[in-house]
Amino acid sequence: MNCRAFIIGLSGLELSDAEREFIRAERPWGFILFKRNIEAPDQVSKLVQELRSVGGDADAPVLIDQEGGRVQRLGPPHWPVYPPGAVFGALYDIDPRLGLSAARLSSRLIAADLIDLGVTVDCLPLADVPVEGSDAVIGNRAYGTEPGKVAAIARAVTEGLEQGGVLPVLKHIPGHGRATADSHFRLPTIDTAKSELERTDFAAFQPLADLPMAMTAHVVFSALDPVHPATTSATIISEVIRGVIGFQGLLMSDDVSMNALAGSIAERTRAIVNAGCDVVLHCNGKLEEMREVARQTPELTGKPLERAKRALASRKPPEPFDRQAAWAELDMLTDRVGTA
């Protein structure tokens, strides 16, 4: 695995000559797809194949945010609309078995869509626990407001993805639920006491600490580090993410180009690496920014390399699956929410 510790987005539906040259020269660990990269199944499959061919790694991870609800990069007319996380929470309140079954079925169906295209990693599940008054950026993406329930549903989502041959990415560790701002646009600060964070926000992530990968939150937790968001906080990464939560998998940043982070792209990248993230995520497809990320990102070696190898090695082949029957069952379950 001879590569650099970053993941890149792309500018359009196919690789430009400049992007090909950049990928060959800088060897990103992985790639992430957005709606701007997606038109039709054949086009996406071709793009994914070319990414791996140009990068020289047939097993290079290709990621996507395919949650359901308002966050799904694949959608009509070629792909179905999936329910948001809150639907599983509502079903769980009727009967926990129903909520867990629906969550597992939905993510198993998502995995089938992704594997058809060669996409092997989904940035899912969420273990964020929203509170009253928090920003809507999480909103109905969340599975609930009680950490035990959130963790249980997140585990079911994880199982569905893994059964379908897709690796999960746990987000947004150690918690974005209390944020009163959207970190895409500005930096949220959470002033909650450490003891309360451990009882609620962090508690939802602890049962999921064995997942292979996780994505950080661009959020300041003032009780722990009043200056740096979790993504660039050595204190939070070592003491909370690796310590209190116990997560030992591959830790990637949320998007380095989001406005929550301060400084130039180069400064942000250095801060992410120095804080202890294993991999830097860059999403917007702007090549000049990607060049800056590449200049500041080290080779993937040592513990980060071990975690990356362990994560990719944990992916299993898809299990046998009746997609039509699964859709029929999922529709029946989600209909219960409308009639409850």
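The values are calculated or read from the model by the stated rules, or taken from the named source; none is laboratory data. The structure presented is a predicted model; accordingly, all values stated were derived computationally and were not measured. FYI the Cβ positions are ideal-geometry reconstructions off the backbone, even for glycines, and counts take in every protein chain you see. Keep in mind that these areas ignore ligands, DNA and RNA; they rest on the heavy atoms of the full protein, side chains included. Shrake-Rupley method; radii C 1.70, N 1.55, O 1.52, S 1.80 Å.
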Practice task
Tell me, yes or no, whether the range 203-221 has at least one residue that is among the aromatic types (F, W, Y) and closer than 15 Å to R155 by Cα.
Solution key: yes
Fill in the blank from the handout: Restricting the range 247-265 to residues that are open to solvent by less than 10 Å² (accessible area, probe 1.4 Å) and free of Cβ contacts under 8 Å to residues at least 60 places away in the same chain, the one farthest from V293 (Cα to Cα) turns out to be S253
Handout entry: Single match in G99, G89, G85 (criterion: more than 20 Å from the chain's Cα centre (by Cα), within 19 Å of D335 (Cβ to Cβ) and at pLDDT 95 or above)
Key = G99
Exercise for the section: Answer yes or no as to whether P83 is without any contact (Cβ under 8 Å) to a residue 12 or more places away in the chain, open to solvent by 10 Å² or more (accessible area, probe 1.4 Å), out of contact with any Asp or Glu (no Cβ under 8 Å at 6 or more places or on another chain) and not basic (K, R). Expected result: no
Exercise for the section: Name the one entry in V119, V131, V137 that is closer than 30 Å to D59 by Cα, part of a loop (DSSP other than H, G, I, E, B) and either open to solvent by 10 Å² or more (accessible area, probe 1.4 Å) or out of contact with any helix residue (DSSP H, G or I) (no Cβ under 6 Å at 6 or more places or on another chain) (or both). Expected result: V119
Practice task
Could you tell me whether the range 193-203 includes any residue that is crowded, with 22+ Cβ neighbours inside 10 Å, in contact (Cβ under 8 Å) with a residue 24 or more places away in the chain and assigned to a helix (DSSP H, G or I)?
Solution key: yes
Problem - Among (1) without any contact (Cβ under 8 Å) to a residue 60 or more places away in the chain; (2) surrounded by 24 or more Cβ atoms within 10 Å (Cβ to Cβ); (3) closer than 21 Å to L251 by Cα; (4) in contact with a helix residue (DSSP H, G or I) (Cβ under 9 Å, 6 or more places away or on another chain) - the single one A179 does not satisfy - result: (4)
Practice task
Kindly indicate the residue of the range 266-275 that is within 13 Å of A234 (Cβ to Cβ) and open to solvent by 30 Å² or more (accessible area, probe 1.4 Å) and also nearest to the chain's Cα centre (by Cα) among those meeting that condition.
Solution key: V273
Exercise for the section: Identify the single condition in (1) assigned to a loop (DSSP other than H, G, I, E, B); (2) of a type outside the set (A, V, I, L, M, F, W, C); (3) surrounded by 15 or more Cβ atoms within 10 Å (Cβ to Cβ) that P226 does not satisfy, given that it satisfies every other one. Expected result: (3)
Problem - Test: A142 is aliphatic (A, V, I, L, M) and in contact (Cβ under 8 Å) with a residue 60 or more places away in the chain - result: no
Practice task
Determine, yes or no, whether A58 is without any contact (Cβ under 8 Å) to a residue 12 or more places away in the chain and closer than 21 Å to V166 by Cα.
Solution key: yes
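Per-residue answers, yes or no, for (1) surrounded by 14 or more Cβ atoms within 10 Å (Cβ to Cβ); (2) aliphatic (A, V, I, L, M):
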{"residue": "E289", "(1), (2)": "yes, no"}
{"residue": "R295", "(1), (2)": "no, no"}
{"residue": "G302", "(1), (2)": "no, no"}
{"residue": "L305", "(1), (2)": "yes, yes"}
{"residue": "A313", "(1), (2)": "no, yes"}
{"residue": "Q324", "(1), (2)": "no, no"}
Fill in the blank from the handout: Filtering the range 1-56 down to residues that are open to solvent by less than 30 Å² (accessible area, probe 1.4 Å), more than 14 Å from R73 (Cα to Cα) and in a helix (DSSP H, G or I) yields E19, F22, I23, S45, L47, V48, L51, V54
Exercise for the section: Can you tell me which residue among L105, L114 is aliphatic (A, V, I, L, M), out of contact with any His (no Cβ under 7 Å at 6 or more places or on another chain) and open to solvent by 10 Å² or more (accessible area, probe 1.4 Å)? Expected result: L105
